[in-house]
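Every number here is computed from the coordinates shown, using simple stated rules; none is lab data. Quick caveat: nothing in here was measured; it's all calculated off a predicted structure. Backbone-built Cβ (ideal geometry, glycine too); neighbour counts: all protein chains shown.
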Amino acid sequence: MVLGSLVLVACGEDLPNASEPSGQAATQAPEPEGRIAFARGDPDVGEIVVYTVNPDGSDEEQLFFDGHSEFPHWSPDGTEIQINCCGDGMIAHFVDPDTGELTRTLPPPDPSLELYCGNSWSPDGKRITCEGYGADDPGLNGIYTVRASDGGGLQRITSTPHGGYDTPGDYSPDGERLVFARFIDDEPVGVFVTGLNGSGLRRISPPGVRIDNAGAWSPDGSQILLEVYASENVHAEIWVVDTDGGSPHELAITPACGGEFSDPNAYGCFDPAWSPDGTKIVFARSSADGTRNIYIVNADGNGLVQVTDGGSDHQPDWGTPDTA
């Protein structure tokens with residue numbers, strides 16, 4: 001696929017593409033490093049497929065060529081990307097970001113559990129989180145971690161109330177806590193932070209709003225990004241909250257996120273993640289016609305630019321440059 005013109009007209013304004021920064025300050029700003037992995041609904045093959053792209057929208061390349069793949073997550077050192085794929089009973093799959101080829105898989109560590117791993121990596125790259133379900137016992141539902149090297153060393157982090165499940169988000173940068181989303185009877189309860197031994201559980205999402213995924217922890221450890229729905233009939237917004245739940249507020253992106261589904265000028269913003277240096281935020285943005293693409297803003301919400309124009313792009317994760 002070839003990236004076309006990355007210009008979107010929204011609310012009467014032309015948004016710059018990532019390779020054409022606007023304004024003197026944008027021109028002087030250094031180009032962000034790393035690459036962005038994301039999932040794209042590919043109409044040619046009728047499946048979701050993982051790609052990578054530079055932050056300026058250049059050099060878009062497909063990862064993994066053997067069918068459905070999604071939920072990409074970069075290793076901390078930039079040498080691997082974990083993806084969900086294959087339906088082969090393995091709990092995690094890893095691809096080479098340079099070749100796109102599958103390099104290794106991890107076997108399930110416990111037959112009593114159904115584990116879906118790779119949602120996030122520990123900061124040292126030694127462990128990955130897993131969304132876990134009891135194969136026959138719902139009391140085993142919760143978040144687990146395993147060694148990224150071989151899938152061993154199973155450890156349990158959370159125990160989910162009856163009828164619920166927990167979806168892991170990021171580790172804290174110091175590797176001592178985890179942010180996650182909890183659902184009961186498929187309804188969102190909130191986003192929480194917990195210690196890796198299950199202690200210190202604290203809800204950080206504001207009351208009275210809906211959440212749809214786990215949070216993204218800032219590289220400096222001070223804030224967490226949330227995907228928030230003010231009500232059931234509006235598009236998603238990106239919120240920022242302190243790690244103790246304080247100062248929750250919407251990220252002031254222009255044109256704004258949110259708005260009624262029935263409003264043709266409303267946009268949804270979802271799947272937020274930080275750049276490796278914490279200065280920018282990458283996310284998916286949808287329009288009223290269902291088009292979804294990857295965008296970048298500065299951490300304060302200014303400087304919105306479009307990165308991709310695949311039309312069904314989401315689940316971005318911004319990887320650090322290869323340090324191996």
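Odds and ends about this structure:
- Extension gain for SER149 to SER247 (0.36 nm times residue separation, less C-alpha to C-alpha distance): 31.5 nm.
- Size of electric dipole in the chain: Cβ of Lys, Arg +1 and of Asp, Glu -1, about Cα centre, debye, nearest 20: 840
- Local charge for THR52 was computed over the other residues whose Cβ lies under 10 Å away, with Lys and Arg +1 and Asp and Glu -1, and equals -4.
- Dividing the summed -39500 (n - 2.57) terms of all DSSP H runs of n ≥ 4 by the residue count of the chain sets its mean residue ellipticity at 222 nm at -500 deg cm²/dmol.
- Using C-alpha pairs under 8 Å with a sequence gap of at least 6, the mean separation divided by the residue count of the chain gives a relative contact order of 15 percent.
- Each 10 Å bin, from zero up to the one with the longest distance, holds this percent of the alpha carbon pairs of region 149-274: 13, 42, 31, 11, 2, 0.
- Calculated on the Cα set of the chain, radius of gyration then Dmax: 18.9, 60 Å.
- Sorted peptide list for 151-160, 234-243, criterion being average Cβ within 10 angstrom, highest first: 234-243, 151-160
- Rounded to the nearest angstrom and listed largest first, the equivalent-ellipsoid semi-axes of region 247-324 from its Cα gyration tensor are 23, 16, 9.
- Cβ-defined net charge surrounding SER112, 10 Å radius [Lys, Arg +1; Asp, Glu -1]: -4
- Positive-end extreme of charge dipole, the chain - chosen from PRO219, ASN54, ILE204 (charges on Cβ): ILE204
- Compared with the direct C-alpha span, the chain from THR254 to ASP186 gains 21.3 nm at full extension, assuming 0.36 nm per residue.
- Radius 10 Å from Cβ of GLY310, net charge of other residues (Lys, Arg +1; Asp, Glu -1): -2
- Pairwise centroid distance, computed over Cα atoms, of region 85-114 with region 239-281, Å: 31
- Ratio of the Cα radius of gyration of region 49-108 to 2.2 N^0.38 Å, where N counts its residues: 1.09
- Protection-proxy order for peptides 169-178, 102-111, 264-273, each taking the mean of Cβ atoms within 10 Å per residue, highest first: 264-273, 169-178, 102-111
- Region 165-277, relative contact order [Cα under 8 Å, separation at least 6], %: 19
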